[in-house]
Each structure stands twice: as structure tokens, then as C-alpha cells.
Amino acid sequence: MKAVRWSIPLAIFIILVAFLYVGLWRDPREVPSPLIGKPAPSFALTQLQQPSQTLTNSDLKGKVWLLNVWASWCVSCREEHPLLMRLAASKVVPIYGLDYKDDPGAGKAWLAQNGDPYTASIVDRDGRVGIDYGVYGVPETFVVDKQGVIRYKQIGPLSLEALQQKILPLVRELDK
Amino acid sequence: MIPELGHFALILALLVALVQASVPLTGAALDAPRLMSVARPAARAQALLVALAFGCLAWAFVSNDFSVQNVATNSNSELPLHYRFAATWGSHEGSLLLWTLMLGGWSFAVTLFSRNLPPPLLARVISIMGLISVGFLLFLLLTSSPFERLVPPAAEGRDLNPLLQDPGMVFHPPLLYMGYVGFSVAFSFAIAALLGGRLDATWARWSRPWTTVAWSFLTIGIALGSGWAYYTLGWGGWWFWDPVENASFMPWLTGTALIHSLAVTEKRGAFKSWTVLLAIVAFSLSLVGTFLVRSGVLTSVHAFATDPARGVFILAFLAIVIGGSLALFAWRAANVGLGGNFSVVSRESMLLANNILLAVAMASVLLGTLYPLFLDALNLGKISVGPPYFDAVFYPLMAPAVFLMGVGPIARWRQAPLPELLTRLKWALGVGAISALILPFVLGRWSPLIAFGLFLAAWVFAATVASLLARVKSSHRGSILSALRANSLSYYGMLLAHLGVGVFIAGVTLVKGYEVERDVRLDVGESVAVGRYEFKFLGVKPGPGPNYRALTGAVEVRKDGRLIETLKPEKRIYNASGQPMTIAAIDTGFLGDLYVSLGEPVDGNADNIAGAWGVRVYIKPFVDWIWMGAFLMALGGLLAVSDRRYRLAIGRRAAAVAAATPAAAAAD
Amino acid sequence: MIRGGLLLIAVSALTLASAATKMDVPSSDTALDARLKRLETELRCLVCQNQTLADSNADLAEDLRREMRALAVAGKSDAEIKAYLVARYGDFVLYNPPIKSTTWLLWGGPFALLVSGGALWWIILRRRAARLPVVVATDASGEARAREILEAAEPPASAK
């Protein structure tokens, strides 16, 4: 039918608008992690509060745990810190900290000042472990299951919403 | 007081725009001359009111009125006067007001240069431009008023983004917007033609100068943006296929197709519905570009502070304006009718190919720009589409179009005998081939890509000359001079614009093929040699600036051992924002640029500036040809528009039309 | 003759101009640096997301450049270095989108558009050419009449 071809530009435009509308609610800067569903990259790093001791990822197999990437120079980390303290106090899931590209002295001082929610923090001075985990912005939080597989990544500070709606239910699920 | 006056002026402008958008349009539909005559005064009043509002905002900036939120966020009392003025459009709200001002300006111009337009056509054109003004004014007043007060007023402003404290800032946005907004005239003509049901060669003749002027401004605006990035951003690049750059490039590609398509419609009455569609698409892309920059949908260096609510508003506006136009097109374009016929080898067929290639190029850029968004919206992951994609797709599409650019002007309308074309162009082909084969060796290195680029550039030059020669030869005038004078300005404008393309291609090919970069650590007194040049680093010294602290480096440049210049790259820290900026030092030359910028002090210690530094040195052969070429293109466009026949023939033709067809006008 | 002369002048001018700017191919940049630089310009910085890894001054960009250099020195190929980064950051880090099922439309689109455009062009041409009136040869009286008409008419208003 002749009329159809004249409507093609309109049809294309309608599809375009639909996509643009959906796009309004997305964040183009967010980089999703390709590690979801893959084994957590291995590490063996000294602990921040006990420098003579090393922590490796295999030490943590058999339990569900959170990896929280933080640093004393990170401003947004202060935002989520109270939440982390509450989470740690509730003893639902152990939180391990990755002190990313930080001076250990400054890291310890920061924890002393703001509170230490971490079962242990490990020191990643040159950022290599961070790169392995695909860290590109601090803070970030990973949920790792009993087999050592990464199940979720939170980009940016933790929010109460993210905790209640995504992380805690997932942890409960994985704990079964 | 003054900001409130500005705000009030905007509200009044909105009311007038509502009148402008509705009354003349109704008048055209009902054939009521009284209603149609509202068009001119309404458009002029609206334009003046917006100008008043803009003046009020500019006043607030220039007089450092930090009780206005926008001024406090984007300006600073230490800012030099011309940047305080330019800061008026340095924010989302201000630049939107600039857009609206330009729209008013173009509407005003249409009321001035339209004495011979039939009243229904003028009424419709003005009304549609009024409709667009309504949209922008509503957007300004409802979501983005630049006149918001800050209570209590700030003692000092936060400063204009240092990247914007530059002459480029003073010119790039206004010229760019002149282009974007100028396409609204062609758009309005197209919609008016669809509404009125009359689309003929005369319509094309009216639309053409408006479109060409808008296109010329857009060309300059884009070139300025590219040049600005080159010397401001510090790493010698001039085009990144960044989403916002693409947002300006797509209307440009469409506009180029449009001016060529209008030529065919004007001269041969062909491609009518395609021309109308192009006019709609060109302006639609301007609007989509506005959306992309302000909605947060794509990341870009250019993006203004984002807000989904604003995005929804613009998207709704887009949907109404563009969706409405395309719906009108779907409904009415079929009635527009077919035009002249032409053979397989003819100027029309080549212009058609040019249009198709440009349209495909535009669609490809659109695809690449929006593809990450598509995938993300469908939850198929996040990818990036950058220069490797665009370069791979764009150049192969443009190469045949550039080749055709040499053939088109020589081809006859309707039927161009192939043997004639070959005869006229064979030596142009020869020049192209020889340049491709020999020049690269002379310049230092042969590669297929360089050769191909040089072939195209030389081909364009030679074929353009061939076209002029053919004209002069086949003219019946006695002397060469009178033969040259017999050609219209419009013809020379085309030649100049095409030459500009050739210059541009030469610049791009040569700079990409032969540029050299060195990124080195230099101690004070140490040199680096690049080709025939030697760059000797003399150290960095601190010094003050008007609103920044500067660290100025000195680099002596020697060519073949002889000192030719001392370049002074800078690193600045702006007082108000603390933001650092790298200012490159460039020795600009016709045959190439020497470009030096500072990296970081070697020890990473900000206090140790007197020691070794990282220094970036570039040699960029023929890079300025890129912008020279663009400038020539724009100049060609403006030259073409100054052709006498646009001023005379419109009067003569329209008088005849008006006298002969009162019945036809009544049937509208 | 004139054309040949112009050709000669054109080529000589170009040769002279280019001799003035003869560029030496750089020698001291190591092949490794050049290779890394090329790779880095194809990769996206995740912090300053509008810059390549080559241009960005962000800490992470420096770290990643360091990692890439270490990998290159260890003998990894370009593909392996890219795979290293993609494994950690996803396809987002590649400015040159990979060819996979989700990007067929992206890579194939322009080509498909070009082919359809070409087909459209051909169809329009055939249709328009077919409608051209066939020129019928006239006899001598027709030609004389035609010449009469031409000489009586005014010259056209403009050259174009």
C-alpha cells in the first residue's frame, strides 16, 4: 500500500522515543561487573589491623561474606559507613574490607576515628587486587557466596534501599 | 529588580508566542487576512521580549549580581568582562535562553526578508516557529528559569568552568545555535508546505537561502568547537566522536544533503517529498541533540548538569513536534507529487546518490551514538562505541560522496553523456592519481590510506578547476573575464565550498598520516629531538593570572639547529574553583603546528616545580587546513546566498504568482 | 597543451610545498611504546569516561596502563591484553565494540543501510529514466521550425 512508506519515518521515530524514554532512567556511567556468577579473584594480602597476618580468599570459603572496598581518602565512604557499622553490629554477614590504594597508617587512623565494621581489612596498596575485582570507583561492595562465587556488586555507597531490597535477601538466600 | 524584569519579559514572550503560534495559522486555514497579518508583529514582539530577557540576564552576569542563582553558580567577580558576558550562556538555563533568543532572531529575520511571500505561507511559517518558541519558553519557565534568586545572596560566585574561560566559549555556542535554530526556518517552510498542500520550485527557492545560511553557521560553529578542543584540552585531538559532537554533526550531514536536495527541487522540481523529509529531519536532529545534552541519557564532556525531570519535558516536546511533523508528512507527503525525470547518468542521479550517502552516514552516526543506550535499555549489557567504530564506518561512506562531488558540477541536468564527463575529468583523475602515488613519498612515508586521502583531495581540487574551465570554454562570451563574470555567485559559492571540502580532506589525511607525538620526561636544560626540530625544556616558573595561578613553562624550539621560537605552555589553577587546566602552547603555521603541553612534575610533588617535568610534544602537519577547509565551506555557502537572484527573482516571480492565482490561494 | 601545463604546475606546487614539510619517521620511540599507545587509544577510561586510557590522568588509568605494560613485556598479545581488561570491566572498556550477537545490528547496520540505499537509488533511477520522453528525429522542416523558435526566444534569465 502506498501510504505505508510515508509512515516509515514516523515509525522509526516512535521506536526511538521509546528507547530514549527508557534511557532517561538509566545511568550511562554505571559499569556493570562481568564477574557476577564467576569465582571471586584470588588474593593474599596482609591485614590492616594485624600486619603480620595474611588473608586469602580461600580462607573465606564456606561462608557468605561481603567485600567492601574503601579508603581513607574516599569521601563517599563516609556516607555509607554508619550503615556498615549497623550491618556489622547485626552480625548477619561478615564484612571484609579492602583498603584500596591507601596508606595503612591513614587507613588505621580512619577506622579508629569512624569505627571499624570489618571482621578484617586487607591492604591493597598498589590497587592490583582492586583491578582484578573490576573496581573503578570507591566505595564498592561485593557479595560472595559459600563457594567463593561473586553474586552481586554494589557500585557506589550502600543505601538502606539497596541493603534491604537486594543485599540482605540475597545473603539470606545464600545462607540456606 | 532586573532579573524579575527579565522573568516577566519571558512570561510576556510566552503569551505573545502563543498568539503567534495560533492566530496566523488559523488565519491561513480560514483565509482570513486580518488574522494572518498578526504574524509579523507577533513574531517581532516575541523576539524583542526574549531579547529583553536575555539582556537582563547578561546584565546580572556583567554586574556580578550574585543574588541570582545562575550567576552565583557560573560566574565570579575576578572573571574578565568578556567571560562574564559569555557566562550568560555557560549553563543549561542560560544556553537555553540563548537558544530561545536565536529562535526569536531568526523569526524576526523571516518577517524582514519575506515581503514577497504569499501571506498564507508566511503566516504558517511564522506560526510554526512560534509553536517551537512556545515549547522552549515553557521549558524555560517551568523547569529551567535562569532568573531564580539565591537567598541569601552569595558573597562570591563559584566561577565559570575554566574549560569555558576561553575565546572559543564566546563564539562557539552562539554560532552553533545560529545553525541549529536556523534549520527551524527550513523546517517551518516544510511544515507550512505540507499544511498548505503546495510544494513547488518556488517554495524551494524561498527555503534555500535560509537553509544555506543556517548550514554555514553550523559549519563554523562545529569547526570552532573542534579547534577549541584542539588547543584547550591539551592532547592535540580535534574530534572524538563524543555524543555531543555527533549531536551537532548529524544535523550538519542532514543539512548538507538538504541544500543539495533543495537545489534539485528548485531547478528540476524533483525530490520534493524527500526534501521536505530532510528539512524535518535536520531540525529534528537539532532538537534531539538538545535532548541528548541535557537529559543525562548519554555521558559526554559536554553534558550539562542532568535531571530526569527535565529530560522528560524535552522528550515530550520532541515527541509532539517531531512526531507531529512526521505524522503530517505521512499523511500529506503523498500528495506532493513527482517531479522531473532524469536518466541514469545525470546531475540529478548524482545528487540523489550524494543525498543517500549523506543520509546513510547520518543514520550510521546516530546508530553508533545511541547503540549503547539501546543495549542498556534492553538489558543486554553495557558497551562503548567510540572512534574506532565511527572512523571505520564514516570514511568509507564519505569517500564515494567526495568522489561524486567532483563529477556532479560537470554533469548536465537530466542527461549527462558519459563520454563528455570522462573527457572533462580525465586529467583531474590524472592529477589525483599522481598525487596519491608521489606525494606521500615526498612527505616521508607512503601508505594506502594516505594515498587514498590525497587522491580524494587532489581530485576535488582538480575537478573543481575542470568544472570552471569547462564553463569558461563553453561560454559564448568574448574574453575569459566576461565569461567568468557571467557565472553567478551561487556557482562560485559552490566551487568555494567544494574546494573547502578538498582542503579539509587534505588536512585530515596529512595530519593523521604524519603527526608525531612524544611524551617524555625532561630535566631543565634537556632536549628532545623530533624530526628536524629540537625542543629544549627550560623549566617552569610560577606567576599570577587574572583569576588563576599559573605555572608557565618555557620550551625553546629549534629547527635545523636554528632557534625559531620559545613556546610557553601553562598549567593553571583557578582561584575560585581550585580546578586545574592545561594550556597548550601552539606554534600555528600554514604547513603545520608545533604543539607543546605540560604533563606533571616528575616527582609528583606539587612543590617541586623547578625540577623535571613530563612534557608532551606534537608535530601536526597541515592540521590547520582542517579548520581552514571548514571556513571555506561556510564562506562558499554565504557567497552563494548573496546571489542577486534571491533578491530580485523572488519579487518578480511572486508578483506574477500573486497576480495570477488568487483562486489557488483561496483553495488552500 | 594548456591542460598539460596546468597539470605540471599543480604537481610541482604540491611537490614544493611538501618538500618544505618533509617529515622524518620517528626513530627513538620504541615499538613497545607505540604498540601500547595504539592499544590505549582504543580503550576507555572508567573514571573519566570520555577519555581514552592513553589520555586520561586518572589514577586508575595510570594503574591500568602499568598493568598493560607489564602484560606486554611478559609477551601477551594485543588480544590477550584486551581480554584481560574485558574480563574485569566488561565490554564497556572497549571503544571498538566487539562483534558479537548483540552488536550485529551495530556493525551490520551501516552496511545494510548502504545496500538498501543503493537499491533505492537504482529503483528510482530506473523509474525516472523510463519516463523520459524518447527523442524522435525530426525532418528538415521540423528542424528549421525549431531553429526559428530558438532564435526568436529571449536568452534565459540566469546562467544556472
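So what's the gap between the Cα centers of segment B:1-47 and segment B:538-554, to the nearest angstrom?
Computed from Cα coordinates, the inter-centre distance equals 53 Å.
Please arrange B:F390, B:F217, C:F111 by counting, for each residue, the other beta carbons lying within 10 Å of its beta carbon, fewest first.
C:F111, B:F390, B:F217
With θ set to phi - 60°, apply the Karplus curve 6.51 cos²θ - 1.76 cosθ + 1.60 along segment B:432-438 and write out the HN-Hα couplings as whole Hz, x wherever there is a Gly or Pro.
Per-residue couplings from phi come out as x, 5, 4, 4, 5, 7, 9 Hz.
Between C:E80 and B:I573, what is the FRET efficiency for a Förster distance of 45 Å, r being their Cβ-Cβ separation, to the nearest 0.05?
E between C:E80 and B:I573, to the nearest 0.05, is 0.65.
Using Cα pairs closer than 8 Å and at least 6 residues apart in sequence, work out the relative contact order for segment A:35-175, in percent.
Relative contact order here is 34 percent.
Report, in deg cm²/dmol and to the nearest 500, the calculated mean residue ellipticity at 222 nm for chain A, where each DSSP H run with n ≥ 4 adds -39500 (n - 2.57) and the sum is divided by the residue count.
Here the helix-only value at 222 nm equals -10000 deg cm²/dmol.
Let me have the 222 nm mean residue ellipticity of chain B computed from DSSP H runs of 4+ only, each contributing -39500 (n - 2.57), with the sum over all residues rounded to the nearest 500.
Numbers: 21 runs with 431 residues, N = 668.
Calculated mean residue ellipticity at 222 nm is -22500 deg cm²/dmol.
Report relative contact order for segment B:27-116 in percent, whole number only (criteria: Cα-Cα under 8 Å, sequence separation at least 6).
34 percent.
Would you mind working out the magnitude of the charge dipole of segment B:518-631 relative to its Cα centre, with +1 at each Lys and Arg C-beta and -1 at each Asp and Glu C-beta, to the nearest 20 Debye?
120 debye
Please compute the contact order of segment B:1-165 in relative form: average sequence separation of alpha-carbon pairs under 8 Å and at least six residues apart, divided by the residue count, as a percent.
In percent, rounded to a whole number, it is 37.
With the Cα gyration tensor of chain B giving a ≥ b ≥ c as the square roots of its eigenvalues, does the rule (a/c under 1.5 for rounded; else a/b larger than b/c for prolate; else oblate) give rounded, prolate or oblate?
Values: a/c = 2.08, a/b = 1.17, b/c = 1.79.
Oblate shape, in that a/c is at least 1.5 and b/c is the bigger or equal ratio.
Out of segment B:52-158, which trypsin sites (Lys or Arg not before Pro) are coil in DSSP terms and have no more than 12 other C-beta atoms within 10 Å?
B:R115
Using modelled backbone amide H atoms (1.01 Å from N, in-plane), which distant-in-sequence or interchain residues come within less than 5 Å of C:R44's amide H?
Amide H neighbours of C:R44, under 5 Å, 5+ apart: C:L53, C:L94, C:Y95.
State which entries of A:K91/A:K146; A:K91/A:K153; B:K512/C:K76; A:K63/C:K100; A:K153/C:K76; B:K541/C:K37 exceed 25 angstrom in Cα-Cα distance in the structure shown.
B:K512/C:K76; A:K63/C:K100; A:K153/C:K76; B:K541/C:K37
Going by how many other beta carbons lie within 10 Å of each one, how would you line up A:R125, C:R65, fewest first?
The fewest-first ordering by Cβ neighbours comes to A:R125, C:R65.
Within segment B:107-176, list the chymotrypsin sites (Phe, Trp or Tyr not before Pro) lying in a DSSP loop whose Cβ has at most 16 other Cβ atoms in a 10 Å radius.
Passing sites in segment B:107-176 are B:F113.
Taking GluC sites (Glu not before Pro) as exposed when DSSP calls them loop (any state but H, G, I, E, B) and at most 16 other Cβ atoms lie within 10 Å, what is the longest stretch of chain B free of them, the sites themselves excluded?
Numbers: sites that count: B:E148, B:E156, B:E526.
That gives B:157-525 as the longest site-free run.
Every number here is computed from the coordinates shown, using simple stated rules; none is lab data. The structure presented is a predicted model; accordingly, all values stated were derived computationally and were not measured. Every residue, glycine among them, receives a Cβ derived from its backbone with ideal geometry; neighbour counts consider all protein chains shown.
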